[in-house]
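A.B. asks: Pasting a structure here, questions to come.
The values are calculated or read from the model by the stated rules, or taken from the named source; none is laboratory data. Bear in mind that the values here come from a model prediction, so they are computed numbers and not experimental data. Here the Cβ positions follow ideal geometry from the backbone for every residue, glycine too, while neighbour counts run over all protein chains shown.
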Amino acid sequence: MEKNIAVIKGDGIGPEIVTEAMKVLDKVAEKFGHKFNYEQLLMGGCSIDANGVPLTDETIARCKASDAVLMGSIGGNTTTSPWYKLPANLRPEAGLLGLRKALGLFANLRPCVLYKQLSEACPLKKEIADKGFDMLIMRELTGGLYFGERKTEEVNGVMTAIDTLKYDENEIRRIAKKAFDVAMQRKKKVTSVDKANVLDSSRLWRKVVEEVAKEYPEVTLEHMLVDNSAMQLVKDPAQFDVMVTENMFGDILSDEASMITGSIGMLASASMNETSFGLYEPSGGSAPDIAGQNKANPIATILSAAMMLRYSFKMDKEADAVENAVNSVLENGFRTGDIMSEGMKLVSCSEMGDKIAEFV
């Protein structure tokens, strides 16, 4: 099978970690008889330097023409970089928001996995960490409070700020369908997170999710209030499979979940539209303090590439091979600095990529 991949290496450690993901993808292609064609594009700070804007129309067009997008990290040091002296709409992160909008990426998928080899890095109690967990948080990405009407004005002599939380049934239905589709590829359980005891938007959310659930009789659905969800994530994360929720709740819960895995350098993510098209990137930032030093952990980017194989290319065996290779590398004691512990073997970013490719 032949696939065209738009590659945005980005800023900071982005070029290093994406290079290692491409190395692993090339090994997958060799082993399974595929061909991956890469087109390298600019976005973020590097695009500002080259083009004066963080995202060009050409980059958008080339991404749309591809089968999927593999991305590194965007942005730099917000204190010292000249990029952050520009207006907000010309800063690096504006490029990512613009690309998400242009590609219609409404569903953010963030797997949160605690590997048994890294259980000591988990901040939870040992008896919880030892159970491990493997969940996926699906966050609605283009609606809700972050995209609703907002204004700040003086009302009766008092400065007043208003943000509007709005969802329609179509927005809820499409993210719910995506959640149930993904659950069918996993353990067939969906936890829908809302605040239906208070918010009208959550009551509509719950109603529509229940309607969608009827189309997936094999999947177990449970509802959970967001405050309880935050508590359960640190009390018993192993209970979750696919957690689906609206934009702001998902923003907060996915960051909480990232902390209990031990290192953000292990966290992959995907943003998908209504088809199988997706943008795949690590959850971490550009880490400008270690950029160019071959110290970064490429595992999150490599696992993001595995998600691309699974969700966009329908290559489950190939995705399994990459995920199993990551597990084998950890089992054999290889660690980058962020996950290093006593008795393990410290490796560089490129060496970690070599090892994972070797185990594919």
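A.B. asks: Among 192, 202, which is at pLDDT 95 or above, within 20 Å of the chain's Cα centre (by Cα) and assigned by TED's automatic domain parsing to the domain that holds residue 239?
C.D. replies: Numbers: 202 fails: within 20 Å of the chain's Cα centre (by Cα).
Result of the check over 192, 202: 192.
A.B. asks: So, of the residues in region 142-162 that are loosely packed, with under 11 Cβ neighbours inside 10 Å and part of a loop (DSSP other than H, G, I, E, B), which turns out to be nearest to the chain's Cα centre (by Cα)?
C.D. replies: 149
A.B. asks: Anything in region 1-32 that is of a type outside the set (A, V, I, L, M, F, W, C), outside any strand (DSSP E or B) and buried (at least 24 other Cβ atoms within 10 Å of the Cβ)? List them, or say none.
C.D. replies: Once the filter is applied, which keeps residues that are of a type outside the set (A, V, I, L, M, F, W, C), outside any strand (DSSP E or B) and buried (at least 24 other Cβ atoms within 10 Å of the Cβ), region 1-32 yields 11, 12, 14, 16, 20.
A.B. asks: Looking at region 62-81, I want the residues that are farther than 10 Å from residue 4 by Cα and have a partner that is of a type in the set (Asp, Glu) and in a loop (DSSP other than H, G, I, E, B) with Cβ atoms under 8 Å, at least 6 apart or on another chain. Which pairs are those?
C.D. replies: 72/11; 73/11; 74/11; 75/11; 76/11; 77/289
A.B. asks: What number of residues within region 205-222 are out of contact with any Asp or Glu (no Cβ under 6 Å at 6 or more places or on another chain) and surrounded by 17 or more Cβ atoms within 10 Å (Cβ to Cβ)? I'd like the intermediate steps shown before the answer.
C.D. replies: In the first step, residues of region 205-222 are kept if they are out of contact with any Asp or Glu (no Cβ under 6 Å at 6 or more places or on another chain); the result is 207, 209-222.
If we keep only those that are surrounded by 17 or more Cβ atoms within 10 Å (Cβ to Cβ) too, we end up with 209, 212-213, 216, 219, 221.
Adding up the residues that qualify gives 6.
A.B. asks: Check every one of the helices (runs of 4 or more DSSP H) wholly within region 225-329 and list those with 2 or more residues that are of a type in the set (A, V, I, L, M, F, W, C) and either modelled with pLDDT under 95 or surrounded by fewer than 16 Cβ atoms within 10 Å (Cβ to Cβ) (or both).
C.D. replies: On the way: elements: 226-235, 247-260, 299-307.
Output list reads 226-235, 247-260.
A.B. asks: Follow-up. Are any of the residues in region 34-44 hydrophobic (A, V, I, L, M, F, W, C), within 23 Å of residue 265 (Cβ to Cβ), assigned to a loop (DSSP other than H, G, I, E, B) and without any contact (Cβ under 8 Å) to a residue 60 or more places away in the chain?
C.D. replies: Within region 34-44, the subset hydrophobic (A, V, I, L, M, F, W, C) is 36, 41-43.
Add one more test, that the residue is within 23 Å of residue 265 (Cβ to Cβ), and what stays is 43.
Those left that are additionally assigned to a loop (DSSP other than H, G, I, E, B): 43.
In the following step, the residues that additionally are without any contact (Cβ under 8 Å) to a residue 60 or more places away in the chain were identified as 43.
Yes: one or more hits.
Listed here are the residues, each with its yes/no results for (1) farther than 18 Å from residue 111 by Cα; (2) within 22 Å of the chain's Cα centre (by Cα).
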residue: 296; (1), (2): yes, yes
residue: 318; (1), (2): no, yes
residue: 332; (1), (2): yes, no
residue: 348; (1), (2): yes, no
residue: 352; (1), (2): yes, yes
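A.B. asks: Okay, moving on. Of all residues being of a type in the set (D, E, K, R) and in a loop (DSSP other than H, G, I, E, B) in region 51-91, which is surrounded by the fewest Cβ atoms within 10 Å (Cβ to Cβ)? Just the residue, please.
C.D. replies: Applying the filter and picking the extreme gives 67.
A.B. asks: Only one of 9, 85, 23 is out of contact with any Gly (no Cβ under 7 Å at 6 or more places or on another chain) and basic (Lys, Arg); which? Let's see the steps before the verdict.
C.D. replies: Numbers: 9 fails: out of contact with any Gly (no Cβ under 7 Å at 6 or more places or on another chain); 23 fails: out of contact with any Gly (no Cβ under 7 Å at 6 or more places or on another chain).
Selected residue: 85, the only one of 9, 85, 23 that is out of contact with any Gly (no Cβ under 7 Å at 6 or more places or on another chain) and basic (Lys, Arg).
A.B. asks: Here's a follow-up. Within region 159-175, identify whether any single residue is among the charged types (D, E, K, R), under 17 Å from residue 275 (Cα atoms) and in contact with a helix residue (DSSP H, G or I) (Cβ under 8 Å, 6 or more places away or on another chain), and answer yes or no.
C.D. replies: Checked against the condition, which is being among the charged types (D, E, K, R), under 17 Å from residue 275 (Cα atoms) and in contact with a helix residue (DSSP H, G or I) (Cβ under 8 Å, 6 or more places away or on another chain), region 159-175 yields at least one hit.
A.B. asks: Is it the case that some residue within region 55-64 is under 22 Å from the mean Cα position of the chain (by Cα) and among the aliphatic types (A, V, I, L, M)? Explain how you work it out, then say what you get.
C.D. replies: The initial filter retains those residues of region 55-64 that are under 22 Å from the mean Cα position of the chain (by Cα), namely 55, 59-60, 62-64.
With the extra rule that they be among the aliphatic types (A, V, I, L, M), the set shrinks to 55, 60.
Yes: one or more hits.
A.B. asks: Looking at region 105-141, which of its residues are at pLDDT 95 or above and either more than 17 Å from the chain's Cα centre (by Cα) or within 23 Å of residue 59 (Cβ to Cβ) (or both)?
C.D. replies: Within region 105-141, 105, 106, 107, 108, 109 qualify.
A.B. asks: Going through 94, 102 one at a time, which residue ends up being of a type in the set (A, V, I, L, M), more than 27 Å from residue 183 (Cα to Cα) and outside any loop (DSSP other than H, G, I, E, B)? So that I can check it myself, show each step before the final result.
C.D. replies: On the way: 102 fails: more than 27 Å from residue 183 (Cα to Cα).
Step by step, each of 94, 102 is checked, and only 94 is of a type in the set (A, V, I, L, M), more than 27 Å from residue 183 (Cα to Cα) and outside any loop (DSSP other than H, G, I, E, B).
A.B. asks: For residues in region 28-45 being under 30 Å from residue 75 (Cβ atoms) and of a type in the set (Gly, Ala, Ser), which is nearest to the chain's Cα centre (by Cα)? Let's see the steps before the verdict.
C.D. replies: Keep residues of region 28-45 that are under 30 Å from residue 75 (Cβ atoms), which gives 28, 36-45.
Remaining after also requiring of a type in the set (Gly, Ala, Ser): 44-45.
On the way: 44: 17, 45: 20 Å.
By that ranking, first place goes to 44.
A.B. asks: Any residue at all in region 316-331 that's of a type in the set (Lys, Arg) and more than 21 Å from residue 262 (Cα to Cα)?
C.D. replies: Narrowing region 316-331 to residues of a type in the set (Lys, Arg): 317.
With the extra rule that they be more than 21 Å from residue 262 (Cα to Cα), the set shrinks to 317.
Yes, the conditions are met somewhere in region 316-331.
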